[in-house]
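Below: the structure, in structure tokens.
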Amino acid sequence: MGQAVTADHQSQPGSRLPRECAPFLDFVQTLRRHGFSVAPDQTVSFLAAVALLGPKSMEHIRRAAIATLAPPIDRQAAFDALFRAVFFGKGRVAAMRNEDEEETVVKDGGGAEAAAEPLLEQEKSGAHASATERLSTRAFDDTENASGALQRHLPDALPRRRTFRHLRTRSKGMVDLRRSFRDIVQADGDLAAPRLRRRKEIARRLLLMIDISGSMREQTDGLLALAHAAVQAAPGTEIFTIGTRLSRITTALRTRDRTLALERAAASVDDWDGGTRIGPALKAFLAVPRFVALARGSLVVLASDGLERGDHADFESAMRRLAALAHRLSLATPLAGDPRFRPETAALASILPWLDDLVDGSSDDALARFILSLGQPAPKAAILWKEKAHAAGH
Amino acid sequence: MGGEAASDVLSSPEAVAERFGHCRYIADEPLATAVFLAIRLGKPLLLEGVPGAGKTEAAKAVAEILGRDLIRLQCYEGIDAQHALYEWNYQRQLLAIRQAKKAETDIYEDRFLIERPLLRSLRNPAQTVLLVDEIDRSDHEFEALLLEYLSDFQISIPERGTVRAGEPPIVILTSNRTRELAEALRRRCVYHWIAYPDLARETAIILARAADVAEKTAAAVARAVSTIRSRPLAKPPGISEAVEWANAATVLEKTGSPWPEAFRRAIGVLLKDEEDLAYMQEELPRILEESLTWGRP
């Protein structure tokens, strides 16, 4: 592979890059193909850094690459594997491609702001899905429930954050010195009434991720209705479904008519009531920069039983990253409806330190109440559950 | 170029590591390489890592090895241009107008400009080291504000025009990674992840930083701290806590506490979370015993 790309470099008419640069450019191309974003000026810095370091050894090249191409620490193992593949030809690229094929399909309904974006697909079909994947369609009950209350109160209930922008105000603000001073200068130095301003505040984004696996079947109807109400009440709200795949259904739920919106959402998701691959689905979410931007500073609520099958390393690492991104990370699980519930499965125990809340998600009423309480401080789930376990004498 | 003069001093990553050693900062080769590249490429250095791994100290050490002034901008939620760039001294401007009466006066002179860290680092006649500490605590808008500065080492002041650095500062940003930084910011920087040091390096750090600690004590502390860090603690101890623990235990030992007891009594210097203390209470004696007897037949 590397040799083919090298040949391309040489055949480019007018290319003045020395032949020695080809492996480094190959490496950058390989990184881009595997989802690393490398800007052209980073490539230039990489070449300059290699030259500065000698390079006296391959380790120098590796260090130059890490320093200038800045792979996120979570992906440094993949970065190293690609480095070995390109510079040592150890055939790891092929192996990594196979790993890619196991990745969760990302389905993005797009929207007004994302109309120009192509459908994000990391896999061409469902042929490589795990044995637990089962694709199906669903019809939803659109009866009125807790969603009415959520829709009425959500705009005022979401915690707010100050933006950089300032608003002019008549009271309760700081003195706008620039404008006040301008007034004074215009009045030939006479003191006028001070002008006031304050920082603009906006509601934080609610990002609701709904587990639609078979084990959550009973809750899915209510959750979808809540999601529709949330999108209607707070336009910045984002809704994703996770199962064996990851689907963004915000656009479908923007339709004001709930029946129609739920029909559209139902049609846009393929894996209703299928298997559970929470970790890989969250990993797929975090692999799309635009989705990551949606999570940044948001209130991320994962409505799921958290019953991850098999190895939960992906689940844990994804939750760790989400916790770093989000303003508040919450897990609403139907299991917590039972007072005897303790987060003692390996997966739940591993994600507990990263959660701000672990709450009852057994009914849409309970979840709506929780969402409306997001303006209050988070108790930090790990501490909360340690206290509970301690009280129960565990 | 960030440091033409500095490049004379910093000829290679090995030279950087050696100079770090002179100012009692024990840097590993990858960090020395990142510092060397950042200075020679004239790019900001982004240091990410867990709290207590020595990111801020690294920036101070860079200022020390280069003999430059360190200007520190501590980031926090809500930090804005007035705190980071500049502000006009409105009271003085008003007084100037009053004093001038009908005469014309320029109220945007230097004497009315209050320099904040970013502007100060640009206008300083000598090259400075600017530490933008804990950038992950600031808002995204503040990150965007920094982009012009980090790309071109310049700041635009509407009333004055663009201020460019005579000699571009050496910029070091640190982040505890409590949130993801924007790609645009990362792209402009040379990047290095500072992890906790290995046993040998942590022992060397303790010996270099602690006042009166024996080599065996430093090694035992490094081993014990390494084991304690591997447990799921709310606040894993950083390097400075390890140094303080070695110091405190040594003081207690010299005033009559035998070794394992001295470490146990000084544990509050290492673990500063009640739950962590409770969690480690049972296991701590065994960890201390193993650390103190490690390597003995």
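The values are calculated or read from the model by the stated rules, or taken from the named source; none is laboratory data. These figures come from a predicted structure and were not determined experimentally. Cβ atoms come from the backbone with ideal geometry, glycine included; neighbour counts cover every protein chain shown. To get the accessible areas, we keep the full protein, side chains included, count just its heavy atoms, and leave off ligands, DNA and RNA. Shrake-Rupley method; radii C 1.70, N 1.55, O 1.52, S 1.80 Å.
When we screen A:Leu135, A:Leu154 for residues that are at pLDDT 85 or above, over 20 Å from the mean Cα position of the chain (by Cα), within 19 Å of A:Phe240 (Cβ to Cβ) and among the hydrophobic types (A, V, I, L, M, F, W, C), the only hit is A:Leu154. All of (1) in a helix (DSSP H, G or I); (2) surrounded by 18 or more Cβ atoms within 10 Å (Cβ to Cβ); (3) within 14 Å of another protein chain (Cβ to nearest Cβ) hold for A:Lys388 with one exception: (2).
Of all residues in the stretch A:173-199, which are over 28 Å from A:Pro235 (Cα atoms) and in contact with a strand residue (DSSP E or B) (Cβ under 9 Å, 6 or more places away or on another chain)? Scanning the stretch A:173-199 gives A:Met174, A:Val175, A:Asp176, A:Leu177, A:Arg178, A:Arg179, A:Ser180, A:Phe181, A:Pro194, A:Arg195, A:Leu196.
Out of the stretch B:43-54, which residues are within 14 Å of chain A (Cβ to nearest Cβ) and open to solvent by 20 Å² or more (accessible area, probe 1.4 Å)? If the condition is that a residue be within 14 Å of chain A (Cβ to nearest Cβ) and open to solvent by 20 Å² or more (accessible area, probe 1.4 Å), then B:Lys43, B:Val50, B:Pro51 are the ones that fit. Residues in the stretch A:38-91 that are open to solvent by less than 20 Å² (accessible area, probe 1.4 Å) and among the polar types (S, T, N, Q): A:Gln42, A:Thr43, A:Ser45, A:Thr68.
Residues in the stretch B:74-85: is at least one open to solvent by 30 Å² or more (accessible area, probe 1.4 Å), away from chain A (no Cβ under 14 Å) and touching a residue at least 12 places away in the same chain (Cβ under 8 Å)? The answer is yes, given that some residue of the stretch B:74-85 is open to solvent by 30 Å² or more (accessible area, probe 1.4 Å), away from chain A (no Cβ under 14 Å) and touching a residue at least 12 places away in the same chain (Cβ under 8 Å).
In the stretch B:182-194, of all residues being within 18 Å of the chain's Cα centre (by Cα) and at the interface with chain A (Cβ under 9 Å from one of its Cβ atoms), the one that is nearest to A:Phe291 (Cα to Cα) corresponds to B:Arg186. Residue pairs whose Cβ atoms lie under 6 Å apart, sitting 6 or more positions apart in sequence or on different chains, and linking a residue in the stretch B:249-278 that is surrounded by fewer than 16 Cβ atoms within 10 Å (Cβ to Cβ) to a partner that is at pLDDT 90 or above and in a helix (DSSP H, G or I), are B:Arg265/B:Leu252. Of the strands (runs of 3 or more DSSP E) contained entirely in the stretch B:129-196, those carrying at least 1 residues that are open to solvent by less than 10 Å² (accessible area, probe 1.4 Å) fall at B:154-157, B:170-175, B:190-194. Restricting the first member to the stretch B:94-108 and to residues that are facing chain A (nearest Cβ under 10 Å) and free of Cβ contacts under 8 Å to residues at least 24 places away in the same chain, and the second to residues that are open to solvent by less than 60 Å² (accessible area, probe 1.4 Å) and polar (S, T, N, Q), the beta-carbon pairs closer than 9 Å and six or more apart or on different chains are B:Ile97/B:Thr105; B:Ile107/B:Gln93. Total residues in the stretch B:201-220 satisfying the condition of being aliphatic (A, V, I, L, M) and either without any contact (Cβ under 8 Å) to a residue 12 or more places away in the chain or closer than 20 Å to B:Glu57 by Cα (or both): the figure is 8.
I need the full set of residues from the stretch B:34-56 which are of a type outside the set (A, V, I, L, M, F, W, C) and more than 24 Å from B:Leu147 (Cα to Cα), in order please. Walk me through it before giving the result.
Going residue by residue through the stretch B:34-56, those that are of a type outside the set (A, V, I, L, M, F, W, C) are B:40, B:42-44, B:48-49, B:51-52, B:54-56.
Correct list: B:Pro51, B:Gly52, B:Gly54.
Confirm whether A:Asp221 is loosely packed, with under 13 Cβ neighbours inside 10 Å and of a type in the set (Asp, Glu). Spelling it out, it is not the case that A:Asp221 is loosely packed, with under 13 Cβ neighbours inside 10 Å and of a type in the set (Asp, Glu).
Scanning the stretch A:348-368 for residues that are in contact (Cβ under 8 Å) with a residue 60 or more places away in the chain and of a type outside the set (Asp, Glu), we see that the one that is surrounded by the most Cβ atoms within 10 Å (Cβ to Cβ) is A:Gly361.
Can you confirm whether the stretch B:55-70 contains a residue that is assigned to a loop (DSSP other than H, G, I, E, B), of a type outside the set (Asp, Glu) and either within 11 Å of another protein chain (Cβ to nearest Cβ) or over 17 Å from the mean Cα position of the chain (by Cα) (or both)?
Step one: list which residues in the stretch B:55-70 are assigned to a loop (DSSP other than H, G, I, E, B), which gives B:67-68.
Narrowing the set further to residues that are of a type outside the set (Asp, Glu) leaves B:67-68.
Filter again for either within 11 Å of another protein chain (Cβ to nearest Cβ) or over 17 Å from the mean Cα position of the chain (by Cα) (or both), leaving none.
No: the stretch B:55-70 contains no residue that is assigned to a loop (DSSP other than H, G, I, E, B), of a type outside the set (Asp, Glu) and either within 11 Å of another protein chain (Cβ to nearest Cβ) or over 17 Å from the mean Cα position of the chain (by Cα) (or both).
Among the candidates B:Ala211, B:Ala218, which residue alone is crowded, with 19+ Cβ neighbours inside 10 Å and either more than 14 Å from every other protein chain (Cβ to nearest Cβ) or over 22 Å from the mean Cα position of the chain (by Cα) (or both)? So that I can check it myself, show each step before the final result.
Working: B:Ala211 fails: crowded, with 19+ Cβ neighbours inside 10 Å.
After applying the criteria, what remains is B:Ala218.
Residue under question is A:Ala295, and the condition is that it be aliphatic (A, V, I, L, M), crowded, with 21+ Cβ neighbours inside 10 Å and at pLDDT below 90; does it hold? It is false that A:Ala295 is aliphatic (A, V, I, L, M), crowded, with 21+ Cβ neighbours inside 10 Å and at pLDDT below 90.
Taking the condition of being among the aliphatic types (A, V, I, L, M), in a helix (DSSP H, G or I) and without any contact (Cβ under 8 Å) to a residue 24 or more places away in the chain, how many residues in the stretch A:41-62 meet it? Adding up the residues that qualify gives 5.
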